Structures are given as structure tokens and as C-alpha cells.
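Notes to accompany the following structure.
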Amino acid sequence: MGLVFKWLIFVSSYIPVFVMIFLNQLKAFSEYSLKKTWHLNPTFWWSLIIISVVSIITLEIWLKLLKNESKTNKNSFKIDHIQSYDSEVLNYFVTFIIPILSLKPESLPSVVMNMLLLVIEGIYFVSNNALHYNVLLIIRRFHIYTFGDDNIIITKKKKSDLIFDEPEAKQVGTTNIYYI
């Protein structure tokens, strides 16, 4: 997977944060308040919209690639000792509180500071192939599980279904990510 592709998947995990940042700036749910918030920094808001659209399309492509590669991969791996990872993904979401509370769209230093935070987090998650730390996967009803030596399963099946069905997971490329 290309570096830009991985970055866009990482950025997609911030889409709920972008929405919350906008909502945090609103004084009320009124047309006047919406316009006033938008006019704080229209370039910033347009940038977030464009980044969000591009990154969500990339996330959808990634999910299709996972599904297609799992269908074509002949090697299946028996999974055992499944542990839920959904809560870890949600705990990661707590790190988003800082930009929600601190970002001031009208202040360039505030925008730059929060962009630096996003870049630092992105470097860590992209370089460690931790693309599964994405709250949008949970919103889309995917579950994240681990098994074996830090292998990650992405599936729409519940843990109880996986335990009783004894499914076999398909590895995605040479990563530690498996898809069922």
C-alpha cells in the first residue's frame, strides 16, 4: 500500500473530530450561528471537507481491497484466543479530545499546532501499520479483534459468531491484518 493511501486512511479516522470541532464552535443551532462559524475561516472548513471526502473514499477502497484480497487469497489461518479490540480503538479516540477542545479555527497558530499533533500521530500510526485504529470502522459496524501474535482481524461478525463458527481468516498481503 502506498504511503499517501495509508495517510488518507489515517486521516479518515479524524472525520468525526472535524465535525465535532465545527459543532464546538457553534453558539446555537441556527442559520446565523452556522454562517458565523463558517466565516471564522472558510478556507479551513473547505479544506476539512475536501480532506474528509477524499479520505472516506480511500477508506472505502481499502475495505473493498481487504474483502477482495481475502477472497483471492488461498492461505487460510485458523484463529484461536480471539480478543476484542473495539475498546482499544475507542480508547484511541480519546486522544481526539485535545484538538476538539483546543482548536480555534480563526487562529493560525492553533490550526498549525493541531496539524502538528495530527502529523505526529499519523507518523506513528502509518509507520506501524495501525490503520485499524479507525473509529469509522466501528461506526460502519466492523469489529476489530486480535489473535495470536498481535494479528488483527477486521470483520463484521460478532465475537460469539467467530468462536462458534471456528472461521479461518485470510491474511491481507504480508501484513498482520486478516479479514473475515
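The values are calculated or read from the model by the stated rules, or taken from the named source; none is laboratory data. Model, not experiment: these values are computed from the prediction. All Cβ positions, glycine included, derive from the backbone under ideal geometry; neighbour counts span all protein chains shown. Areas reflect the complete protein model, heavy atoms only, side chains present, ligands, DNA and RNA absent. Shrake-Rupley method; radii C 1.70, N 1.55, O 1.52, S 1.80 Å.
Among the residues making up the stretch 38-48, those that are part of a helix (DSSP H, G or I) and either surrounded by fewer than 13 Cβ atoms within 10 Å (Cβ to Cβ) or in contact with a Lys or Arg (Cβ under 8 Å, 6 or more places away or on another chain) (or both) are P42, T43, W46.
Only one of the numbered conditions (1) in contact with a helix residue (DSSP H, G or I) (Cβ under 8 Å, 6 or more places away or on another chain); (2) of a type in the set (A, V, I, L, M, F, W, C); (3) closer than 30 Å to I153 by Cβ; (4) open to solvent by 20 Å² or more (accessible area, probe 1.4 Å) is violated by L65, and that is (1). Screening the stretch 66-180 for strands (runs of 3 or more DSSP E) wholly inside it with 2 or more residues that are at pLDDT 75 or above returns the ranges 143-147, 151-155, 168-171, 177-179. For the condition under 19 Å from I138 (Cβ atoms) and in contact with a strand residue (DSSP E or B) (Cβ under 6 Å, 6 or more places away or on another chain), what is the one hit in L59, L8, L66? One residue alone meets the criteria, L66. Of the residues making up the stretch 99-112, just one is closer than 16 Å to V11 by Cα and either touching a Lys or Arg at 6+ places or on another chain (Cβ under 9 Å) or open to solvent by 100 Å² or more (accessible area, probe 1.4 Å) (or both), namely V111. Residues in the stretch 6-32 that are open to solvent by less than 30 Å² (accessible area, probe 1.4 Å), over 12 Å from S52 (Cβ atoms) and in contact with a Gly (Cβ under 9 Å, 6 or more places away or on another chain): F10 alone. All conditions but one from (1) at negative phi; (2) open to solvent by 90 Å² or more (accessible area, probe 1.4 Å) apply to R141; the one that does not is (1).
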